[in-house]
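Notes to accompany the following structure.
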Amino acid sequence: MRIAMLARNPNLYSHKRLVEAAEARGHEIQVIDTLRVYMNITAHKPDVRYKGEVLPKFDAVIPRIGASVTFYGLAVLRQFEMMGTWPLNESVAIGRSRDKLRSLQLLSRAGIGLPVTGFAHSTRDTDDLMQMVGGAPLVIKLLEGTQGIGVVLGETHSSAKSVIEAFRGVKSNILVQEFVKESKGVDIRCFVIGGKVITSMMRKGAEGDFRSNLHRGGNASIVKITPEERSTAIRAAKTLGLNVAGVDLLRSNHGPVVMEVNSSPGLEGIENATGKDIAGQIIEFLETNAKPGKTKTRGKG
Ligand code: ADP
Ligand code: MG
């Protein structure tokens, strides 16, 4: 197959592994710098241009669109979809997952366990908002944060309130969430491919940090998940419409709760922790599913 991978940095572990796995399985794969792609969007026959040339037609595209380039990256991915190239994850699904509020609304509608979460624009009702999610200590998150940046623990009522007001003061959208303290700085990353949890790991934050992100100094180890955790992860990925997803769960007193669903989950932490060839499994999934014109979002918004 001829595969395109939208990625800014070909040297990242995940990107190198996907290229390696695709080539090992006999495919041709080209890494395309998302921000160097341009297109004539009014053309009758859509095409994609790259560094002065028209790109050839690809059978499949692997979007690895960084959080900071979501807007342009999704426009590029849509252009591939309009040309009938099969996306590993669809633009619409990635768009949902990038907005924490939108994803939580969809997950809640599907009846999936979530931490009690509130959202507001005005700061006039901050006290009531905080009370609604159970009061301090509580977690305050930037809507489009990633890698643990923009996730703050407000330990007391007054510190939580100051953080909320400070974020609102700089016009950032935030959500306020019940602090699941019984999870003790540990979360579970379930790696979902094609409706199955193929492996999972437990991440523990650095000493003194409630955030378990590996980018914030957390460490990972293999973990056995419960059937309820497995089905929660599968339903979460399905609800957002993602074929490949990293579903992050917390073990709360009221069962597994989904914190977020990542559409470009990193491979380094999980391959190292589990010893599995996840890149290979992603390419295998793509081989069985990529059919020209099978793009569901074709022609849609
Ligand atoms: P990001 O997108 O920046 O990774 P997350 O929502 O995943 O943001 O939060 C980062 C980390 O903070 C999580 O992995 C988890 O360890 C911790 N965390 C987030 N929300 C909660 C919560 N409600 N209760 C307890 N810990 C949380
Ligand atoms: Mg996270």
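Where Lys and Arg each count +1 and Asp and Glu each count -1, what net charge lies around Ser212 among other residues with Cβ under 15 Å from its Cβ? Mind showing how you got there, number by number?
On the way: positive: Lys141, Lys181, Lys184, Arg189, Arg203, Lys204, Arg211, Arg216, Arg251; negative: Glu182, Asp187, Glu207, Asp209, Asp248, Glu260.
The answer is +3.
Distance cut-off 19 Å, Cα to Cα: go down the list Lys181/Lys276; Lys196/Lys276; Lys16/Lys238; Lys204/Lys224; Lys100/Lys196 and report the pairs above it.
Working: Lys181/Lys276 31 Å; Lys196/Lys276 15 Å; Lys16/Lys238 27 Å; Lys204/Lys224 15 Å; Lys100/Lys196 23 Å.
Over 19 Å apart, Cα to Cα: Lys181/Lys276; Lys16/Lys238; Lys100/Lys196.
For the range 232-288, what class follows from the C-alpha gyration tensor (a ≥ b ≥ c being the square roots of its eigenvalues): rounded when a/c is under 1.5, otherwise prolate if a/b is larger than b/c, else oblate? Numbers along the way, then the final one.
Values: a/c = 2.63, a/b = 1.47, b/c = 1.79.
Oblate shape, in that a/c is at least 1.5 and b/c is the bigger or equal ratio.
Could you sort 35-43, 60-68, 248-256 so that the peptide with the highest average Cβ count within 10 Å comes first and the rest follow in order?
Details: 35-43: 12.9, 60-68: 20.8, 248-256: 17.7.
Answer by packing, highest mean first, reads 60-68, 248-256, 35-43.
Per residue, what volume in Å³ does the convex hull of the Cα atoms of the chain enclose? The partial results should precede the final answer.
Values: hull volume 41.1 nm³, N = 301.
So the per-residue hull volume is 136 Å³.
Considering only C-alpha atoms, what is the centroid distance from the range 186-214 to the range 262-287, in Å?
Their Cα centres are 13 Å away from one another.
In nm, to one decimal, how far is the Lys196 label point from the Val170 one, both placed 7 Å along Cα→Cβ?
If labels sit at Lys196 and Val170, their model points lie 4.5 nm apart.
Pull out the extension gain between Asn11 and Tyr38, defined as 0.36 nm times the separation in residues minus the alpha carbon to alpha carbon distance; nm, one decimal. Spell out each step's value before the answer.
Working: separation 27, 0.36 × 27 = 9.72 nm, distance 2.25 nm.
That pair, Asn11 and Tyr38, stretches by 7.5 nm at full extension.
Quick check: residue separation of Lys291 and Ser68 times 0.36 nm, minus the Cα distance between them. What number comes out in nm?
Details: separation 223, 0.36 × 223 = 80.28 nm, distance 2.97 nm.
Length gained, Lys291 through Ser68: 77.3 nm.
Going toward the positive end of the dipole of the chain, with +1 on Lys and Arg Cβ and -1 on Asp and Glu Cβ, which of Asn11, Ala166, Leu249 do you reach last?
So the residue we want is Asn11.
Can you pull the one-decimal nm distance between simple spin-label points at Ala75 and Gln30, each 7 Å off the Cα toward Cβ?
Modelled inter-label distance: 2.1 nm.
To the nearest 10 degrees, how steep is helix 70-82 against the longest Cα principal axis of the chain, on a 0 to 90 scale?
40 degrees
With +1 on each Lys and Arg Cβ and -1 on each Asp and Glu Cβ, how big is the dipole of the chain about its Cα centre, in debye rounded to the nearest 20? Provide the component values of the computation, followed by the final result.
Values: 41 positive and 30 negative charges, 138 e Å.
Dipole about the Cα centre, nearest 20: 660 debye.
Going by average Cβ neighbours within 10 Å, how do the peptides 144-151, 11-18 rank, with the highest at the top? Don't skip to the answer; put the middle values down first.
On the way: 144-151: 16.0, 11-18: 17.8.
Order by mean packing, descending: 11-18, 144-151.
Going highest first, how would you order 94-105, 218-229 by mean Cβ packing within 10 Å? Can you show the working numbers first?
Numbers: 94-105: 19.6, 218-229: 14.4.
The peptides rank, most packed first, as 94-105, 218-229.
No value in this document is a laboratory result; all are computed from the given coordinates. As the structure is a prediction and not an experimental result, all values here were calculated from the model. Because the Cβ atoms are built from the backbone with ideal geometry, glycine has one as well, and the counts that use them run over all protein chains shown.
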